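The values are calculated or read from the model by the stated rules, or taken from the named source; none is laboratory data. Since we're looking at a predicted model, the values are computed, not measured. Note that each Cβ is placed from the backbone with ideal geometry, even for glycine, and that neighbours are counted across all protein chains shown.
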Amino acid sequence: MYNACCTIILLVRSIKVAWDKEVDIEMKIPVKKTTCAVMAGAILVSMTGCSQIEDMIGKTDKDDPSKEVMETAEDFCDAVADGDIDKILKLSSEDMEDKEDQIKEAMDIDSYSDDMGGILKAITDTIEYEIDEDSLNVDDDKAEIDVTFTVFDYLDNEFDDDVDTLDEAEDAIADGDTKEIAITLEFELTDDGWVISDTEDILDAVYEFYMMGALSPDFSFDDAAYDYDDLDDQDDDNDYYDDYDYDYDYDSDDSDDEYDFGTTYNFEQDIYCMSYMNASGCTEMYEAFTELATWEGTTSNNPQIGIYDSGVDEIRFVQPSDVDLGEVGMSVVYSPISEANVGDTIALDTFYLDPVVDQDGNVSYEIVIEAPADGYYRIEIAPTVADLYTPVVSATCRVGAEA
């Protein structure tokens with residue numbers, strides 16, 4: 001420390017001598033005073049290790065953390081727009097650690113088919129955001145600020161017949177309509193700085209479109225190219241469908257001996273793949289079902305994934321509709337095991353269902369299965385019972401453990 005002080009003093013004296021040679025006599029006194037002040041300041045810094053001055057400089061930032069909160073908000077929003085889940089989690093509170101594996105798995109593009117992964121990536125690329133700096137509010141170790149995200153509106157944009165490849169889908173997404181998502185980022189102060197405390201809510205809102213991946217992880221444009229145009233003719237010309245009924249007597253002891261259907265169901269997989277199909281003749285219903293159905297009371301974090309505990313009082317399936325379609329055809333099939341032959345399933349019922357209209361005019365189609373046994377329940381909806389061979393909606397839930 002002594003050597004450092006001497007060095008600073010010598011440096012200041014050298015500066016003083018140089019100044020004395022350049023200024024006139026009248027300026028010598030103020031120059032000497034200034035030099036002394038500089039020298040005293042230099043000695044003070046060296047003697048205190050700069051701690052006091054650093055504290056003085058940093059005092060403003062410590063008293064007003066707005067700058068640090070804003071930087072965290074911008075870093076977090078950048079990560080959301082980029083789909084950088086590692087950075088998102090790094091900027092989040094510790095309570096997200098328990099869900100880290102689940103979130104990473106859901107947002108792993110490589111876990112989807114090439115076409116579905118490409119669609120999800122293209123939608124992610126449309127994400128933009130705007131931070132309302134005037135809304136920033138910091139209160140001790142808590143803070144919040146409003147942000148508006150924009151993203152491709154996957155529910156209101158429908159691909160037309162010209163979109164039958166991934167390249168065409170990517171172009172349609174880039175040019176498609178977007179929607180705004182208003183969010184309030186909530187922060188908490190930790191030993192490592194400011195972090196986001198409501199990450200899960202933000203991911204659910206902005207990345208809602210990942211529901212497409214959850215429902216159809218193996219989607220392929222090649223598979224979707226199937227032509228249903230001839231199904232109407234089949235329906236019109238075949239009187240069988242006028243009396244079509246799923247009900248039949250089931251005898252598990254005889255079914256495998258008399259019939260060899262082959263395995264046609266994997267109900268466990270179907271739980272995660274709620275299906276919507278726009279078959280010929282069903283367009284009105286398909287277009288009315290713009291909102292995904294939900295399983296009420298599911299233990300899953302996702303209302304589109306129906307998983308119930310053993311002994312549950314009821315299963316309730318709700319399909320919202322933009323319009324009142326009148327009565328529609330529905331069927332319920334039950335299987336005690338996941339991988340089942342047709343003969344191993346039980347057709348619980350096939351029936352016409354009237355819509356439910358609440359006091360606000362909202363329309364939905366609801367089915368309730370009371371005191372369900374453990375196993376798998378598959379619900380299908382079509383405009384009529386005769387159309388159930390190509391249902392618009394197919395959804396499966398499970399009661400109890402995987403079987």
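The table below lists the values:
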{"quantity": "Residue tally, condition within 23 Å of Ile305 (Cβ to Cβ), surrounded by fewer than 18 Cβ atoms within 10 Å (Cβ to Cβ) and acidic (Asp, Glu), over segment 357-387", "calculated": "3"}
{"quantity": "Residues within segment 107-118 that are assigned to a helix (DSSP H, G or I) and either crowded, with 17+ Cβ neighbours inside 10 Å or of a type in the set (D, E, K, R) (or both), tallied", "calculated": "6"}
{"quantity": "So Asp354, is it out of contact with any Asp or Glu (no Cβ under 6 Å at 6 or more places or on another chain), surrounded by fewer than 16 Cβ atoms within 10 Å (Cβ to Cβ) and acidic (Asp, Glu)", "calculated": "no"}
{"quantity": "Qualifying residue in segment 200-223 (condition: among the polar types (S, T, N, Q) and either free of Cβ contacts under 8 Å to residues at least 40 places away in the same chain or assigned to a strand (DSSP E or B) (or both))", "calculated": "no"}
{"quantity": "Residue within segment 335-347 that is within 19 Å of Glu284 (Cα to Cα) and surrounded by 17 or more Cβ atoms within 10 Å (Cβ to Cβ) present", "calculated": "no"}
{"quantity": "Every residue from segment 78-93 that is farther than 22 Å from Gly118 by Cα and touching a strand residue (DSSP E or B) at 6+ places or on another chain (Cβ under 8 Å)", "calculated": "Leu91, Ser92, Ser93"}
{"quantity": "Filtered residues of segment 64-82 (kept if assigned to a helix (DSSP H, G or I) and surrounded by fewer than 18 Cβ atoms within 10 Å (Cβ to Cβ))", "calculated": "Ser66, Lys67, Glu68, Met70, Glu71, Glu74, Asp75, Asp78, Asp82"}
{"quantity": "Hey, Ile181 under 18 Å from Gly213 (Cα atoms), within 16 Å of the chain's Cα centre (by Cα) and among the hydrophobic types (A, V, I, L, M, F, W, C) or not", "calculated": "no"}
{"quantity": "One residue from Ser310, Ser331, Ser275, Ser300 being over 28 Å from the mean Cα position of the chain (by Cα) and closer than 28 Å to Lys99 by Cα", "calculated": "Ser310"}
{"quantity": "Residue match in segment 126-148 (condition: modelled with pLDDT of 90 or more, assigned to a loop (DSSP other than H, G, I, E, B) and closer than 29 Å to Asn278 by Cβ)", "calculated": "yes"}
